[in-house]
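Please read the structure below before turning to the comments.
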Amino acid sequence: DGVKEIKGFRIVILKHMFTPLEAKPDRDKFFDELKEEVGAEIEKKCGEIEKFTVFENNPDGVIAIKFQNGSSAHKCIETMDGRFFGQRKIECFYFDGKTNYKVGASEEEERERAKEYEKWLMAEQQEEPAGEKEKEQPMASASQK
């Protein structure tokens, strides 16, 4: 398959597959379903997927797919580029090997995560059984009895 079989040409980027706002209500569920549905459809149409990565915080809705072979990656580009998904036009192209699509959480998301962590910590402290404090007391040695 010539050039398409070069290792780097097994990875494709799909842009505009989701918006971060779509994921808001239940992020974990949203991204699990996205991976399952999109992965199954692309694997069925294009070939075996080696790795499927969703860049959850990327505002461009980016997914990277690494295929077992270059011909599958080529077929994915032919099949998906310009197609509409969720009323958005998908861009699908070979990964350039340089661009970093990973985006950290926004300041608002970081604050929300910190609040949730604090709530969790407070709940853990309140749930500590009364007997736990007694266990922390040093036991009298046999010579002190």
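Quick notes on this one:
- With R₀ fixed at 22 Å, the C-beta to C-beta distance from residue 87 to residue 37 puts the FRET efficiency at about 0.85.
- Listed residues 101, 94, 117 arranged by accessible area, highest first, probe 1.4 Å: 117, 94, 101
- Beyond 18 Å in Cα-Cα separation lie the following of the pairs 29/98; 24/44; 75/98; 35/66; 51/75; 29/119: 29/98; 24/44; 75/98; 29/119.
- Label-point separation in nm, residue 111 to residue 79, each point 7 Å along Cα→Cβ: 4.3 nm
The values are calculated or read from the model by the stated rules, or taken from the named source; none is laboratory data. Worth saying up front: this structure is predicted, and the values here are computed from it rather than measured. Virtual Cβ from ideal backbone geometry, glycine too; neighbours counted across all protein chains shown. Each accessible area value is taken on the protein alone, full model and side chains, heavy atoms only, with ligands, DNA and RNA left out. Shrake-Rupley method; radii C 1.70, N 1.55, O 1.52, S 1.80 Å.
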